[in-house]
Amino acid sequence: MTSYDAVVLAGGAARRLGGADKPGVRVGGRALLDRVLAACADAATTVVVAERRPTVRPVVWAREDPPGGGPLAALAAGLSRTTADVVLVLSADLPFLEERTVRRLLDDLRDARDLHDAGDQHDAGDQHAPHAPHAPGSVDGAMLVDAGGRDQPLVAAYRADALRRGVARLAQEHGGLGGLPLRRLTAGLTLTRVTEPGDSRAAFDCDTWEDIAEARARIREHEHVLDEWITAVKDELGVDLDVDTGVLLDLARDAAHGVARPAAPLTTFLVGYAAAQAKGGPEAVAEAARKAAALAARWADEDKPDEDKPDASKPDNPPGGDGTATSTATSTATSTSTSTAPDAG
């Protein structure tokens with residue numbers, strides 16, 4: 001895994017939202033900013049360039065100079081608080097950004113750099129050999145390209161040194177960074193482009209209330225709503241645990257059908273509580289769920305007619321093979337004991 005820092009740009013006037021606090025607008029019960037922070041949760045340091053606000057996980061705060069100076073000034077402010085060689089740059093209004101997109105950007109940047117380094121080593125070994133035809137020039141970043149073919153510089157991973165050089169050059173040329181568009185920086189970088197997968201909407205951003213409404217409607221669609229809800233609950237409760245939801249759903253079904261409908265939520269709650277008491281992770285949840293599911297099956301089995309279930313009065317593996325030897329021996333022993341006992345009189 002590539003170690004990286006993240007810079008999230010969460011400022012801006014949000015004019016098309018009527019000046020609303022866009023990073024704080026909730027989609028699926030979670031603030032847009034928190035949704036983005038979840039996608040880069042494994043960053044070594046996450047810098048948010050904006051006014052301070054409550055967030056679901058700790059971040060470093062920064063402000064651009066001058067305040068409201070635009071995305072390039074904000075990026076420079078965030079960059080100054082990072083130390084990693086690779087910096088992930090994101091906007092704070094991406095409701096569908098996922099960790100898999102972040103990982104792909106980082107992996108593509110690493111692979112492109114490795115390919116370039118391999119080409120350099122090839123040349124160094126043979127000064128007369130032509131440059132490796134498949135090795136690109138020095139790669140400064142990996143940028144997402146949305147389904148419409150548009151570059152997304154605020155969904156990208158960059159080499160930190162390339163960003164710093166570019167920012168310093170622009171600041172010197174223009175006497176500052178205020179008001180400069182981000183494309184002034186990215187135009188001078190060598191970038192590899194990562195096409196957004198067809199099933200992803202990672203580049204979808206919320207600039208208008210219509211965008212917000214579309215995002216809220218999408219996460220309530222049948223194929224998304226359960227994952228969205230579970231993620232929202234974990235964020236709200238501060239739970240960082242990935243579990244097999246299918247196992248818990250099966251357990252809830254078995255408890256509801258085999259015991260009573262209210263048993264479903266109570267049983268799954270107790271499973272989670274038992275796993276927490278054991279200080280375990282996903283494995284502890286799975287083991288507690290297995291035990292509870294077995295109990296629900298035994299409970300339901302008692303409602304079957306006696307002829308449809310095993311005879312619990314007989315041992316599973318009697319010494320005599322079918323259970324008769326043990327009962328006969330016991331009967332004989334009892335009879336002998338009775339007949340040979342001394343007369344009480």
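The values are calculated or read from the model by the stated rules, or taken from the named source; none is laboratory data. This structure is a prediction, so every number in the text was calculated from the model and none was measured. Cβ placement follows ideal geometry from the backbone for every residue including glycine, while neighbour counts extend to all protein chains displayed. Note: accessible area is taken over every heavy atom of the protein model, side chains too, but ligands, DNA and RNA are not part of it. Shrake-Rupley method; radii C 1.70, N 1.55, O 1.52, S 1.80 Å.
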- [ ] Provide the per residue accessible area, probe 1.4 Å, for the stretch 2-77, rounded to a whole number of square angstrom.
- [x] 41 Å²
Open item on the list: Can you list residues from other chains, or at least 5 along the same chain, whose modelled amide H is less than 5 Å from the amide H of A202?
Closed with: none
Task: Debye, to nearest 20: dipole size of the stretch 241-305, +1 on Lys, Arg Cβ, -1 on Asp, Glu Cβ - done: 160 debye
TODO: At most 11 other Cβ atoms within 10 Å and a DSSP loop assignment: could you name the trypsin sites (Lys or Arg not before Pro) in the stretch 1-87 that fit?
DONE: R52
Task: Dipole moment magnitude, nearest 20 debye, the stretch 192-265 about Cα centre, only Lys, Arg, Asp, Glu C-beta charged - done: 320 debye
